[in-house]
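These notes concern the structure reproduced below.
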Amino acid sequence: MQDLNDLYIFSQVVEHNGFTGAAQALGVARSSICRRVGQLEERLGIRLVHRTTRHFAVTDLGMEFNGYCVKMVAEAKAAYDRVACARARPSGMLRVSCPPIIVQLLVGPLIPLFLEKTPDVRIAMEATNRKVDIEENFDLCIRIRQVPSEDSGLIMRSLGIVQQVLVASPRFLEAHGRPTSPADAAKMASLSYASFQGPHVWKLVDPDEQEIQVRHEPTLIADDMGLVRQAAVHGLGIAQLPLAACLEDLRQGLLDIVLPEFLAPLCEIQVVFPSRRGMLPAVRSFIDFLGAHCVSEVSERQIKRHVGRGHRENVRFWTSRQPLKQLVADSQQGTGVKRVARVA
């Protein structure tokens, strides 16, 4: 095997534009640098640099070879940094952005457990529904996205798959009748967890596995999902909510599922961060802790992947293979699936 130190030495020669500069940077004799590069050229059977007493230049092949050397050095440094981070004690301030509903249902109950485990860490949490840029001095952002989703330049780790459901109170359904189609539901009073501007749309998948978008004019619009849930419980209209947000109400009979044969495309709770390289121990520990304690409502083997048809042939969406009533029953029995976190 090649001596990888020679590749590092050569990269320093190129970076410092000569043997003298590399020798000064590395704190070794110039003659040693010249000898090591010469031995490397002999093993490779090529000329990497042109050198005379007055001139130094890297060959074209030498420049190409240096590109690989630089990448090797960077990956080696990243490997050492990863081990150092793993061994270091998590500490310092951790700045997190997260939607309020995820704080209430998922992250909030876990934070005290995490802080007990890592007493040197402090957490500054911004609970917000606005679209947050990771560059706004946040270490990580937690969000909900319909899957599949892509974001160039960001690293994503999944915390679980979420199923949304259309719900209404039994009192509302008794008073207004149970809708038999999404179009019927859209004509009834509705509630929206969304921005004020709209449009207000329920995304559903019909029995023919076509994604449909149902526009409705809500009686109440709020960016607080807890308020929308309470309004649904009090019989003010139909709402589309994450199953986890209304599971207890379904169990107690305060809410009922509307149009159970129409699934909603699956969403995913994601934690995003700019890079794995140089990640602080506190950030890595928090992400690992969330990944180990989150439970998905839909298992990987129960996910069905779809491709749109016709003018929507480029649309990709996922649904559950299980019917809604089975998902609700499994969730109420506490048989949610422990999520194996993945990096995408």
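The values are calculated or read from the model by the stated rules, or taken from the named source; none is laboratory data. Everything numeric in this text was worked out from a predicted model, so none of it was measured. Note that we place each Cβ from the backbone using ideal geometry, even for glycine, and neighbour counts take in every protein chain shown. Side chains are part of the model used for accessible areas, which takes the heavy atoms of the whole protein and leaves out ligands, DNA and RNA. Shrake-Rupley method; radii C 1.70, N 1.55, O 1.52, S 1.80 Å.
Couple of notes before you dig in:
- Surface accessible to a 1.4 Å probe, M63 within the full protein complex, Å²: 100
- With the simple spin-label model, which puts each label point 7 Å out from Cα in the Cβ direction, the E116 to R171 separation comes to 3.8 nm.
- The calculated FRET efficiency for S275 paired with Y68, based on their beta-carbon distance and R0 = 35 Å, is about 0.95.
- One quarter of the convex hull surface built on the alpha carbon atoms of the stretch 226-271 amounts to 3.9 nm², the projected area averaged over directions.
- Lysine pair count for the chain with Cα-Cα distance under 24 Å and sequence separation of 8 or more or different chains is 8.
- Rounded to whole numbers, the Karplus 3J(HN,Hα) couplings from phi for the stretch 168-176 are 7, 6, x, 4, 5, 5, 5, 6, 10 Hz, using 6.51 cos²θ - 1.76 cosθ + 1.60 with θ = phi - 60°, and x at Gly and Pro.
- Taking the average, over residues, of other Cβ atoms within 10 Å as the packing measure, peptides 88-96, 282-290 rank 282-290, 88-96 from highest down.
- Using a Förster distance of 22 Å, the FRET efficiency for V307-R145 (Cβ separation, nearest 0.05): 0.75
- Judged by the mean number of other Cβ atoms found within 10 Å, the most tightly packed of the peptides 158-170, 26-38, 5-17 leads the ranking 158-170, 5-17, 26-38.
- Isotropic mean projected area of the C-alpha convex hull, the chain (nm²): 24.3
- Whole-Hz Karplus values for the stretch 44-49 come out as 7, x, 9, 9, 8, 9 Hz, taken residue by residue from phi with 6.51 cos²θ - 1.76 cosθ + 1.60 and θ = phi - 60°; glycine and proline positions read x.
- Note, ³J(HN,Hα) from phi for the stretch 287-299, Karplus 6.51, -1.76, 1.60, rounded to Hz, x at Gly and Pro: 5, 4, 5, 4, x, 7, 10, 8, 10, 8, 7, 9, 6
- Potential extension, L26-E300 segment - 0.36 nm per residue separation minus Cα distance: 93.6 nm
- Near G237, the amide H atoms lying under 5 Å from its own belong to S169; only residues 5 or more places off or on other chains count, and H is placed 1.01 Å from N.
- Other-chain or far-sequence residues with amide H under 5 Å of L159's (modelled H): I269, Q270, V271
- Model label zone, T128; criterion: amide N under 20 Å from point 7 Å along Cα-to-beta-carbon; scope the stretch 177-218: 194-198
- With the alpha-carbon atoms of the stretch 2-147 aligned to their principal axes, the span from lowest to highest coordinate is 70, 33, 26 Å, starting with the largest.
- If R0 is 25 Å, the Cβ-Cβ spacing of K187 and Q230 corresponds to a FRET efficiency of close to 0.60.
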